[in-house]
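Peer 1: Take this structure first; my questions come after.
The values are calculated or read from the model by the stated rules, or taken from the named source; none is laboratory data. Remember, predicted model here, so these are calculated numbers, not experimental data. Please note: Cβ atoms are built from the backbone with ideal geometry, for glycine as well, and neighbour counts cover all protein chains shown.
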Amino acid sequence: MQETNPGYLSGDLFKAIVDNTPLVSVDLIVKHKGKVLLGKRVNKPAQGYWFTLGGRVLKNENIQSAIRRTGKLELGIIIANDPKFIGVFEHLYDDSIFDTASTHYINLAYEIEVSGLKDLPKDQHNAYHWFDLEELIQSKEVHPYVKDYFTTQKGTIPQQKEKNV
């Protein structure tokens with residue numbers, strides 16, 4: 001559903017942007033008692049994989065506001081304190097929400113500690129699971145990009161295969 005916020009784009013305009021530019025997003029590495037919350041993705045890209053919660057940064061929205069909005073939409077909570085910045089990551093997908101477009105994300109990863117999450121939304125993720133780190137790294141159902149958040153040396157960009165353009 002398109003909101004009145006000017007950062008939300010119409011289908012045709014958003015498709016042109018996805019076709020031609022990278023998207024900037026915030027990913028929330030949600031932790032509680034040493035475990036990491038992942039959701040099973042409903043939409044492309046990464047559909048069907050366990051993935052971190054997150055969302056794109058909207059036009060004229062600062063990063064802190066994007067983090068707070070994403071926390072509210074994806075977790076149903078207000079993120080009161082400053083989350084820990086983990087790093088900048090790049091995600092390249094052959095697919096997207098549009099049948100003929102690939103997706104390129106520049107992800108800003110932030111870690112937050114939470115407690116008492118209830119009734120998580122089902123529009124972006126249809127299931128949720130708390131993973132311990134070893135389970136997360138070993139699972140074939142956790143997307144490799146999520147694993148990068150835990151296996152890449154902080155401050156470096158994960159090395160990926162070059163994509164033929």
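Peer 1: So which residues in the stretch 123-153 are touching a residue at least 40 places away in the same chain (Cβ under 8 Å), closer than 29 Å to S96 by Cβ and part of a loop (DSSP other than H, G, I, E, B), if there are any at all?
Peer 2: The answer is D123, Q124, S139, E141, H143, T152.
The rows are residues; the columns are (1) surrounded by 14 or more Cβ atoms within 10 Å (Cβ to Cβ); (2) under 25 Å from E135 (Cβ atoms); (3) basic (K, R).
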{"position": "F14", "(1), (2), (3)": "yes, no, no"}
{"position": "H32", "(1), (2), (3)": "yes, yes, no"}
{"position": "Y49", "(1), (2), (3)": "yes, yes, no"}
{"position": "N60", "(1), (2), (3)": "no, no, no"}
{"position": "D82", "(1), (2), (3)": "no, no, no"}
{"position": "G87", "(1), (2), (3)": "yes, yes, no"}
{"position": "I97", "(1), (2), (3)": "yes, no, no"}
{"position": "G116", "(1), (2), (3)": "no, yes, no"}
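Peer 1: Right, next: Return the residues of the stretch 98-122 that are at pLDDT 90 or above and among the aromatic types (F, W, Y); say none if nothing qualifies.
Peer 2: Y105, Y110
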